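Written below as structure tokens is the structure these notes are about.
The values are calculated or read from the model by the stated rules, or taken from the named source; none is laboratory data. Predicted, not measured: the structure shown is a model, and the values here were computed from it. So basically every Cβ, Gly included, is an ideal-geometry build from the backbone, and we count neighbours across all protein chains shown. Accessible surface areas use protein heavy atoms only, side chains included; no ligands, DNA or RNA. Shrake-Rupley method; radii C 1.70, N 1.55, O 1.52, S 1.80 Å.
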Amino acid sequence: MTLTSILSAADIANALKDCQAPDSFGQKKFFQICGLCKKTPKEVTEVFHILDNDQSGFIEEEELKFFLQRFSPSARVLTAAETKAFLKAADDDDDGKIGAEGDFQLLTDSLID
């Protein structure tokens, strides 16, 4: 499974374009532009598993800085400040990582209008 089997390639491109400059990434806006906040819980979980590079069931801080590159290999890495802000917003249980069923799902659910 690929991200473009769940999200539109055009929406992904638009989301990446919106945060090209360092320190311009915001997970809420990125998820809205790429369409993730409109997906079902099952689809959100599938996206999480694609983004979980080491398939540990968690996205750790080291993986998170390469978040944009999981959408496109030519995308930039997140800055340290962006990575920490993203982790803080998504790590609901303060364990230093983002889990699929709890943290990531809660993060995307909070974006639904």
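A compact table of results
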item	result
Distance in nm between pseudo-label sites at Gln69 and Met1 (7 Å out along the Cβ direction from Cα)	2.4
HN-Hα J in Hz across region 20-30 - Karplus 6.51, -1.76, 1.60, θ = phi - 60°, x for Gly and Pro	5, 6, x, 6, 10, 7, x, 4, 4, 5, 4
Cβ-derived FRET efficiency at R0 30 Å, Gln55 paired with Ala9, nearest 0.05	0.80
The chain - mean residue ellipticity at 222 nm from DSSP helices (-39,500 (n - 2.57) per run, n ≥ 4, rounded to 500)	-12500 deg cm²/dmol
For region 54-70, 3J(HN,Hα) per residue [Karplus equation, 6.51 cos²θ - 1.76 cosθ + 1.60, θ = phi - 60°, Hz, x = Gly/Pro]	8, 6, 7, x, 9, 10, 8, 3, 4, 5, 5, 5, 9, 3, 5, 6, 6
Extension gain from Thr40 to Lys84, taking 0.36 nm per residue of separation minus the Cα-Cα distance	13.2 nm
Accessible surface, region 3-80, averaged per residue in Å² (probe 1.4 Å)	52
Dipole moment magnitude, nearest 20 debye, region 40-85 about Cα centre, only Lys, Arg, Asp, Glu C-beta charged	200
Estimated FRET transfer efficiency when R0 is 41 angstrom, pair Asp95-Lys17 (beta carbons, to 0.05)	0.80
Label of the coordinate-derived value, log10 I(q)/I(0) by the Debye sum over Cα atoms at q = 0.11, 0.12, 0.13, 0.21 Å⁻¹, listed as (i) -0.29, -0.35, -0.41, -1.25; (ii) -0.52, -0.56, -0.61, -1.10; (iii) -0.37, -0.43, -0.50, -1.02	(i)
For region 7-18, Karplus couplings with θ = phi - 60° (6.51, -1.76, 1.60), whole Hz, Gly/Pro x	10, 6, 4, 5, 5, 4, 4, 5, 5, 5, 5, 5
